[in-house]
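Throughout, read-outs are computed from the coordinates displayed, never taken from laboratory work. Just so we're clear, the structure is a prediction, and the values are computed from it rather than from any experiment.
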C-alpha cells in the first residue's frame, strides 16, 4: 500500500494570508513568544549553546530568532519558500544556511554533522509517514550523542488530513513517536505534555519528545 503523505496540505503556510503577526499569534497560549521560549524550551536545550543546530520548519522564524543566539551555527530547512524568505529577511547572516526542502527529508545537510535538531509547532501538522521519514533523516544528520527536540501532536482518531482536525493537528501519540525513534536506533530522553487550556486556545494536548542518537 502506498504511503499517504499530507505534504501538499502544508503548502498552505506558503500564503501570507495565513500569517497575521509572523507566527506570534500561536504563542498566545503561553503568554508571549518570549515566555514560550523561556518556560517551555530554553531549559531543555541550553546545553547546546555554541553548538551546531538544525531547525526544521521554522515558519516565519519566531523561535529561530532565539536559536540564532544560542547556536554556534544554525541551519534551517522548510518546505515553503515564503517561510525561508521571511526568516532570511529577519535574521540574515545570523543563520549559516537556508534550504527549501521537500517536506520530509533534509538534503544538503551532512551526515553526523548536527548537535541538535529542533522543531516547534510544525510536526504537530505532519502525517505519521512524514514524521517517520523525518526521524530517519534526523538519525542521519545527528552526530553520535546528538539530540533532537520535536514538538508533535497527541491526537487519536482524527482525519488523515490534518486541516480537518482541531487546530490542524495530525494523528500522533507519544507511543507512536517513540516507536519511530526506536526503529531508527535512537532512544527517548523525555516526553513532556503540553496541555492547552480552553480559555486560552483549543482544549487539546501536544507533546515535546526529546531523543538521542547513541555514541
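Brief remarks follow.
- The chain - percent relative contact order, Cα under 8 Å, separation 6 or more: 18
- Taking 159, 119, 173 in turn, the Gaussian network model of the chain (Cα-Cα springs below 10 Å) assigns the largest fluctuation to 159.
- Take the Cα radius of gyration of the range 44-115 and divide it by 2.2 N^0.38 Å, N being the number of residues; the result is 1.02.
- Extent along principal axes [Cα atoms of the range 1-106; Å; largest to smallest]: 41, 31, 29
- Derived value for the chain: Kirkwood hydrodynamic radius 17.2 Å. Basis is the mean of 1/r over every pair of different alpha-carbon atoms.
- Once the Cα-Cα distance is subtracted from the 0.36 nm per residue extended length, the residue 29 to residue 192 segment shows a gain of 57.0 nm.
- Beta bridges by DSSP in the range 19-177, antiparallel share as percent, to the nearest 5: 5
- Residue separation of residue 38 and residue 94 scaled by 0.36 nm, minus their Cα-Cα distance, works out to 18.1 nm of gained length.
- For the chain, a Gaussian network of Cα nodes joined below 10 Å ranks 152, 93, 24 by mean-square fluctuation, and the top entry is 93.
- Global size of the range 79-183 as Cα Rg and Dmax, reported in angstrom: 14.6, 43
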